[in-house]
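Contents: one structure, followed by commentary.
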Amino acid sequence: MAKLINMAHEIIKKEPTLLQLAEPIWLVGDIHGQFYDLLHLLEKAGKPTKINYLFMGDYVDRGVFSVEVVILLFALKVNFPESLVMLRGNHEWRNMTQHFTFREETLSKFDEDIYKMIMDTFDALPLAAIVNKKYLAVHGGISPDLKKIENLEKLDRFKEPPT
């Protein structure tokens, strides 16, 4: 598990904070630990060998298979780095995973070290994407303090966001 997380982290941290993507692409919203729904989606939409995916965050919490969702997405990212993109949602923060269920689930299935590795990888996830140079894709909006799209690129995403 640690090797997979490290491999995904190495790929993800090299991606820009603001990605430039092109259609055709499937945009996927909150999964929230619904592993079997994720499998169903991949079965119906198509494999990453045939279609591009933009996952928009909130991979964990609420569902009982959040760890499995993360494992599958990281495995797909490692195997199809250009076809599968993951953005950071508000549930990929330590305070949210402690308030909801992901931290507890990870500790019950693995240990604190794996949890920390996953969270460090979440810290590296890009924050937004522009699709076809005209659609802005973010998880839940952007701060009113960001007056220009270029300001997104200047953010230090490699840390826990402030409350």
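The values are calculated or read from the model by the stated rules, or taken from the named source; none is laboratory data. Only a predicted model underlies this, so the values are computations on that prediction, with no experimental measurement involved. Positions of Cβ are backbone-derived with ideal geometry, glycine not excepted, and every protein chain shown enters the neighbour counts. These area figures cover heavy atoms from the full protein model, side chains too; ligands, DNA and RNA do not enter into them. Shrake-Rupley method; radii C 1.70, N 1.55, O 1.52, S 1.80 Å.
Values computed for the structure shown
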read-out	value
Other-chain or far-sequence residues with amide H under 5 Å of L84's (modelled H)	Y53
Selection of trypsin sites (Lys or Arg not before Pro), the range 5-81, meeting DSSP coil and at most 15 other Cβ within 10 Å	K14, K50, R62
Gyration tensor verdict on the range 86-154 (Cα atoms; rounded if a/c is under 1.5, prolate if a/b is larger than b/c, oblate otherwise)	prolate
Gyration tensor (alpha-carbon) shape descriptor, the range 53-126, a/c threshold 1.5	prolate
Alpha-carbon Debye profile of the range 10-77, log10 I(q)/I(0) at 0.26, 0.28 Å⁻¹	-1.33, -1.40
Kirkwood estimate for the range 32-163, i.e. one over the average of 1/r between Cα atoms, Å	15.6 Å
Furthest towards positive pole of dipole, A124, T106, I71, structure part the range 68-131, Cβ charges	A124
Percent accessible area from carbon and sulfur atoms, the range 88-163, protein chains only, probe 1.4 Å	53 percent
The chain - percent relative contact order, Cα under 8 Å, separation 6 or more	30 percent
Highest-fluctuation residue, E112, E43, E92 considered, GNM on the chain with Cα pairs under 10 Å	E43
Sorted peptide list for 79-85, 133-139, criterion being average Cβ within 10 angstrom, highest first	79-85, 133-139
